[in-house]
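This report refers to the structure that appears directly beneath it.
Please treat every number below as a calculation from the coordinates, not as lab data. Because the structure is a prediction, the values reported are computed rather than measured. Cβ: placed from backbone, ideal geometry, glycine included. Neighbour counts: every protein chain shown.
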Amino acid sequence: MLFPTPALTAADEAVLAEVDLMREALRFELQSVPAVWAGGLRKFLTADAVSASNSIEGFKVSTVDVEDLLAGERDVEVSEENRAETAAYARMMTYVQTLHDVDDFTYSAGFLNALHWMLQGHRHTRRKPAGQWRRGPVYVTDARDPSIAAYTAPEVGRVPVLMGELVDWLNDSSDAHPLVSAAMAHLHLVSIHPWADGNGRMSRSLQTLMIAREGVLAPEFSSIEAWLGRPGNTWEYYQVLGRRGNEYRPDQDVSEWIRFNLTAYHQQAQTVHARVDRSRRVWETATDYLHATGFDERIVSALHDVAMSGRVRRTRYEQAEGLSAQQAQRDLREMVRRDVLAPVGRTRARYYVAGEQFPDRMIEIARTPAGLADPYRDRA
C-alpha cells in the first residue's frame, strides 16, 4: 500500500497556480536570451542541485567547485570522497536530464536500480549492494543520538512488493497535477527506503525526473534540490518527514508534505527568476562595458562568471566560447594586464577573480540579494 494522494485545499490550488504561471513565464523568457548565457545558467543550476542534494547527506562541495568539476577541472581543492560523490551524482543527474523528452520512456525496477548503481556503484559492497534492493533492515538514525532510530523502513521482504506497486503507480496516468505527483513519488520512495544507502538522493532525483518530464521547462530548471539544501529548509525537510512517524504507515493524511513541496516549488521558482534577472543584467552590463572599452565581446562570459560566481577558470571560459586553450589564455592574460582580472594560484590550479578595474556595477548587481515570499503566510 502506498500513501494516498491528498486532495488540495483552496490555498494549495492558488499556490500551485502561481507556480505554473512563474514556470511558464520563465520558459518564455529563456527563449529570448543568448545561447551562451542560457547554457551557463543551466550548468549553474545543475551544479547547484548536485551541491545541495549531496550536502544534505554530509558531502560538502560548493556550487562553484561543482561547476569546475563538471567542466573537467582536476585541480579543485576537495577531498577524494567529496570528489567521488560529486562525480557520481552529477553522472546520474546528467542521465536523468536526458530522459525528459524520451517518447517510449517507462519506469521499471531495473531502471531505478540502474540509477542507483550510477549513484552508489563506487561504494558497492556485499553488505551494501548498489543497484539492488537492500538485503536487510535499514534505519534513519536520530541526528542527536545515532543509537536511536528516527525511522525504521519496511521489513525487507516487503520491499519488492512495495516497489512493484510504486513502479505501477509511476507508469499509470494520474489525475493529479504533475508537480503533486512528483512530490508524492519522492515521499513513496524515501519511505520505502529500498536500498541500503542513497535513498534520499534517489528520491529527490526521481522527483526531479518527473518534473522534467512534465515538459514545461528544461530539466535543469526543474529541480527543488537547491532549495532543499538550504540549512533551514533541510531541517524542515527532515521535520516534515519525521512527523510521518517512525515506521512505514501509508494509511495517513500527507497534506503537510504536499504543502511543504508546494512552498519549495514556489520559492525555488522565485529564486530562479531572481537569478535569471541578475544574470541577465550582469550580462548586459558586461556587454556595454566591453563595447565602451574595445575588448572582444566574447570576454563577456568570463566577466559574467566572475561577477556571478566569484571566479573563472580558463577551462570554463574556453568551453563557454568554443576557444582553443591558447586563445582563452591570451584573453585572460590581457584582462590581467589591464587589472580587470587578478590571477590566483599557479599553473593548472589557477583561476581568476575581479581585479582593481573590474566594473563595480556588475558586482553590485550580482551581489544584491532578493527577498523570498512565503506563498502561504503571505496569503493568510
**Complete:** The summed charge of the residue 33 Cβ neighbourhood (under 15 Å; Lys/Arg +1, Asp/Glu -1) stands at +3
**Prompt:** Label 7 Å along Cα→Cβ of residue 172; segment 237-269 residues with amide nitrogen under 17 Å?
**Reply:** 250-252
**Asked** So what is log10(I(q)/I(0)) for segment 68-128 at q = 0.22, 0.23, 0.26 1/Å, when the Debye sum runs over its Cα atoms only?
**Response** -0.95, -1.00, -1.12
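Counting pairs of alpha carbon atoms under 8 Å apart in space and at least six apart in sequence, what relative contact order in percent does segment 65-171 give?
Values: 79 pairs, mean separation 20.9, N = 107.
Relative contact order for segment 65-171 comes out at 20 percent.
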**Complete:** Here segment 345-356 yields Karplus 3J(HN,Hα) values (6.51, -1.76, 1.60; θ = phi - 60°; whole Hz; Gly and Pro given as x) of x, 10, 6, 5, 7, 5, 9, 10, 10, 5, x, 4
**Message:** What value in Å³ per residue do you get for the convex hull of the alpha-carbon atoms in segment 139-185?
**Reply:** 83 Å³
**Request:** Quick one: what are the phi-derived ³J(HN,Hα) couplings along segment 68-74, Karplus 6.51/-1.76/1.60 with θ = phi - 60°, whole Hz, x for glycine and proline?
**Result:** 5, 5, 5, 7, x, 5, 9
**Prompt:** Could you give the nm distance between label points at residue 104 and residue 370, where each point is 7 Å from its Cα heading toward the beta carbon?
**Reply:** 4.1 nm
**Message:** Please list the three semi-axes, largest first and in whole Å, of the ellipsoid equivalent to segment 29-147, using sqrt of 5 times the eigenvalues of its alpha carbon gyration tensor.
**Reply:** 29, 21, 13
**Item:** Highest-MSF residue in the chain out of 74, 144, 348 [GNM, Cα springs under 10 Å]
**Value:** 144
**Request:** Give me the distance in nm between label points sitting 7 Å out from Cα along the Cα-to-Cβ direction at residue 1 and residue 378, one decimal.
**Result:** 4.0 nm
**Between segment 72-144 and segment 197-267, the alpha-carbon center distance in angstrom** = 17 Å
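Convex hull volume of the Cα atoms in segment 280-367, per residue, in Å³? Walk me through the intermediate numbers first.
On the way: hull volume 7.5 nm³, N = 88.
Considering the Cα atoms of segment 280-367, their hull volume per residue is 86 Å³.
Given Cα pairs under 8 Å that are at least 6 residues apart, what percent is the relative contact order of the chain?
On the way: 475 pairs, mean separation 77.0, N = 380.
Across the chain, relative contact order equals 20 percent.
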**Asked** Taking the chain as a Gaussian network, Cα atoms linked when under 10 Å apart, which of 223, 147, 203 shows the biggest mean-square fluctuation?
**Response** 147
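What FRET efficiency comes out for residue 125 versus residue 249 if R0 is 22 angstrom and r is the Cβ-Cβ distance? Round to the nearest 0.05.
On the way: r = 31 Å, r/R0 = 1.40.
Calculated transfer efficiency: 0.10.
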**Asked** Which FRET efficiency value, to the nearest 0.05, do you get for residue 57 and residue 277 by plugging their Cβ-Cβ distance into 1/(1 + (r/R0)^6) with R0 = 30 Å?
**Response** 0.45
**Item:** Net charge of Cβ neighbours under 14 Å - reference residue 134; Lys, Arg +1; Asp, Glu -1
**Value:** +4
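Once Rh for the chain is found with the Kirkwood sum over Cα pairs, what is the Stokes-Einstein diffusion coefficient at 25 °C and 0.890 mPa s, in µm²/s? Walk me through the numbers on the way to the answer.
Details: Rh = 22.3 Å.
For these conditions, the coefficient is 110 µm²/s.
Find how much the distance from residue 327 to residue 235 grows on full extension, using 0.36 nm per residue of separation minus their present alpha carbon separation; answer in nm with one decimal. List each step's numbers first, then the result.
Values: separation 92, 0.36 × 92 = 33.12 nm, distance 4.65 nm.
Result for the pair: 28.5 nm of gain on full extension.
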**Request:** Report the local net charge at residue 206: Lys and Arg +1, Asp and Glu -1, summed over other residues whose C-beta lies under 13 Å from its C-beta.
**Result:** +2
**Asked** When the chain is modelled as a GNM with alpha-carbon springs shorter than 10 Å, which of 90, 182, 143 fluctuates the most?
**Response** 143
